[in-house]
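Report on the following structure.
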Amino acid sequence: MAPVPPLVEKKRTQFIIQGMTCTACATRVENALLNLDGVETAHVNFATATSLVWHGQELDSSTVTEVVADLGYQAIEDGDRQQIQSSTESALRRKTIPALLIALFAMVTMFLQFSGSDWVVAALSTVCVWWAGWTFHHSAYLQILQRSLAMDTLISLGTLAAWSWSIVVLALNADHSLHFGGANAIVAFVLLGKWWEARAMRASGDSLRALADLTPKQALLRDGSELPVEELVVGMEFIVAPGERVATDGDVIEGFSEVDASQATGESMPIEVSPGSGVAGGVLNGPGALVVKATAVGEDTELARVARLVEDAQATQVPIQRLADLVAARFVPIVILIALGTLVVRWVIGHQGSDALIAAVAVLVVSCPCSFGLATPLAVLVGTGRAAQLGVVVAGAHVLDSTRAVDTVVFDKTGTLTTGHPSIVNISSAANNDPLLLSSAAALESRSGHPIARAFQPFIDGEAEVTEFTNQPGKGITGRVNGTEIRVGKAELFAQVPTQLENTTFEGTTLFIGRGATAEASVSIRDEIRPTSPEAVSLLSDMDLEVVLLSGDSHKVAERVANQLNIENVIAEVLPDQKRDHVAALQSTGKCVAMVGDGINDTPALATADLGIALQAGTDAARSAADLTIMTNDPRAVADGIALSRRTLAVIKGNLVWAFSYNAIALPLAVTGYLSPTYAAIAMASSSLLVVANSLRLRQFHSLKDQNSADVDSEANISA
């Protein structure tokens with residue numbers, strides 16, 4: 001389940017962390033932040049070079065930057081991540097290209113020597129090892145001071161050992177091999193790998209940046225003046241011309257049009273809007289001009305909220321990452337001992353000192369745990385970003401583990417599998433029809449957040465004073481309308497229901513209305529099934545997931561919906577706390593349950609389920625309790641969220657298997673002298689690049705509904 005959100009009085013501050021070179025750096029920064037007084041929790045992500053810190057008001061941001069600086073890194077509050085990533089990439093490119101040229105020159109001179117070539121190579125190697133490789137040495141120095149060895153320690157020790165040996169041999173004119181080429185190759189290929197990693201990390205954030213870029217830079221106010229979007233305030237009215245994007249969240253006050261939210265939420269179909277409709281910032285307006293009144297600006301907009309949720313998810317860890325971090329933390333000291341052992345043993349058994357040293361250097365280089373460090377965070381970064389593009393917001397990396405085991409998906413009915421726009425189709429009264437009774441019921445329902453309340457909106461007649469409003473979950477609502485007690489709900493809400501009303505049967509949900517304890521009228525309410533619900537159930541069934549319908553509605557209505565959707569397991573007429581109990585009962589039989597809902601009454605079940613999934617149209621309470629939030633009202637996205645989460649976890653496992661296998665094969669080769677430092681550097685860089693490439697495959701994940709449509713089209717073409 002989703003972690004408990006920070007307390008209200010806690011602040012959430014994001015920092016860009018510069019200077020991290022591996023996950024050990026991220027772990028070191030995270031531990032230091034967690035030890036600060038006033039910090040509730042902190043996450044540092046190596047892949048995104050960010051840190052999210054939840055802390056009390058008493059902790060100043062400067063304290064965080066000072067602590068990070070003491071560790072040898074730089075923390076920038078609310079920095080531009082894209083700009084910093086681009087700057088990092090440029091810096092790596094400036095050092096990588098000269099290093100590669102020097103390494104190439106050193107290799108060429110091994111075959112085409114000329115007078116003084118050794119000294120020329122020595123001079124160029126000094127530039128390569130000390131200038132291009134300075135980042136490794138500086139980081140290794142800090143790691144040694146803090147007694148926390150990591151990847152840079154291995155790189156620094158390996159290159160300095162090869163360079164120092166070669167300088168001594170050259171200076172003494174000793175009869176030993178020079179290994180400047182190996183030192184140059186190590187620096188060059190490791191930098192090349194890091195440059196490509198930086199490019200991949202920047203590219204992996206494209207999905208999140210694409211969301212941020214949806215909001216236009218300027219807004220055209222109603223008076224004809226233009227204003228930067230960041231200067232808009234709630235209540236301002238602005239014009240959205242046809243074909244333009246909405247500047248910020250707001251309510252339409254004039255105009256009729258359609259808006260395309262596909263890039264913002266993954267909603268495939270245009271949405272009709274008219275006066276009274278809400279629109280989110282960043283959606284693309286259709287053929288009609290709109291006048292919109294701003295209801296949220298800046299960090300309070302829906303796009304900003306989604307961006308924060310995605311960033312939070314990317315900052316957290318998958319449980320399996322703890323294993324990788326543990327291995328990486330123990331791995332480096334062990335590798336150093338193996339390298340020393342290789343040096344000593346090979347020298348003792350008769351190998352030349354040069355050969356023994358080179359084998360030890362190869363051990364140091366080939367064992368760098370770069371792939372371990374990238375295996376999990378980069379896959380999470382790409383996977384959650386792609387999910388956001390498909391309209392699925394993941395609450396945290398822990399969700400990936402939950403989706404792996406899910407075998408049962410429980411759906412709420414109203415507003416989830418149905419449209420959530422019910423209408424009254426029949427009215428029956430025990431006596432004469434009483435319009436005042438129905439308008440009073442409508443006034444009372446206007447205070448309710450339940451989707452059924454929308455069915456009463458056409459019957460609201462003027463303003464009415466509503467007092468003593470009470471919601472009785474699973475039964476109905478009570479209150480006073482203009483001083484008169486009104487009840488609307490199921491039969492259980494009344495002391496007496498006339499036989500005439502109780503025996504009335506209509507298709508749909510039946511509610512009773514009365515002044516006081518006796519029901520005086522009944523209404524039949526029908527909510528149409530979403531057009532995409534049958535395909536959503538089919539997609540989940542194709543994934544071998546059992547689908548259950550869980551509803552507070554009558555058995556008759558629930559079974560009618562279930563029959564239309566081919567759902568065999570139906571649980572109906574349950575109260576909100578009983579929904580939670582039914583989810584727990586399924587769990588007690590050994591099932592791993594995902595609950596899909598949208599209302600306050602679904603919140604206990606969402607919190608109890610192994611995986612809580614809320615639709616965007618749902619209440620804030622439902623979304624807060626969910627692990628996955630579907631940014632559309634299309635239940636097919638549930639299958640997308642589960643499938644993509646599983647694919648991301650599979651990629652992580654594949655990355656880790658490769659990382660373990662690579663070291664299991666390469667390390668013995670280096671120990672036995674079959675792998676030179678040059679090839680060790682190439683192998684190490686290639687290992688990291690394979691992990692990067694495997695993670696980036698998640699960007700190509702396509703929505704299951706699109707795949708399903710493609711399959712249908714293909715079958716149609718074959719039939720034709």
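A short reminder: the numbers here are calculations on the coordinates, not readings from a lab. As the structure is a prediction and not an experimental result, all values here were calculated from the model. Neighbour counts run over all protein chains shown; Cβ positions are idealised from the backbone, glycine included.
Worth a mention:
- Residue order, fewest to most beta carbons within 10 Å, for M543, M684, M110: M110, M543, M684
- Sites listed here are chymotrypsin sites (Phe, Trp or Tyr not before Pro) in segment 94-148 whose DSSP assignment is loop and whose Cβ has at most 15 other Cβ atoms within 10 Å: F111, F114.
- Computed FRET value (nearest 0.05) for L436 with A650, which takes r as the C-beta separation and R₀ as 51 Å: 0.25
- Here each label is just a point 7 Å from Cα along the line to Cβ, and for V291 and K475 those points are 4.7 nm apart.
- Per-residue Cβ neighbour rank within 10 angstrom, fewest leading, H43, H176: H176, H43
- Within segment 509-527: backbone nitrogen closer than 20 Å to the A495 label point (7 Å, Cα to C-beta): 512-522
- Plainly put, segment 216-300 has a radius of gyration that is 0.93 times its Kirkwood radius, both from alpha-carbon atoms, as the Rg/Rh ratio.
- Full extension of the chain segment joining T467 with R199 gains 90.4 nm, where the gain is 0.36 nm per residue of separation less the Cα-Cα distance.
- Cleavage-rule hits, GluC sites (Glu not before Pro), segment 446-490, DSSP coil, Cβ neighbours within 10 Å at most 10: E463, E465
- Nonlocal amide H pairs with S277, under 5 Å, H built at 1.01 Å: V252
- For q = 0.16, 0.24, 0.29 Å⁻¹, Debye-computed log10 I/I(0) when each Cα of segment 11-79 counts as one equal scatterer: -0.42, -1.01, -1.53
- With a simple spin-label model that places each label point 7 Å from the Cα along the Cα-to-Cβ direction, the separation between I334 and E244 comes to 6.2 nm.
- Footprinting exposure proxy for K217, K490, K293 (fewest neighbouring C-beta atoms within 10 Å first): K217, K293, K490
- Distance (nanometres) between label positions extended 7 Å along Cα→Cβ at E258 and F114: 7.1 nm
- Whole-Å distance, taken between Cα centres, linking segment 104-182 and segment 479-542: 80 Å
- Amide H within-cut-off set for G516, under 5 Å, with H built and near neighbours excluded: I486, R487
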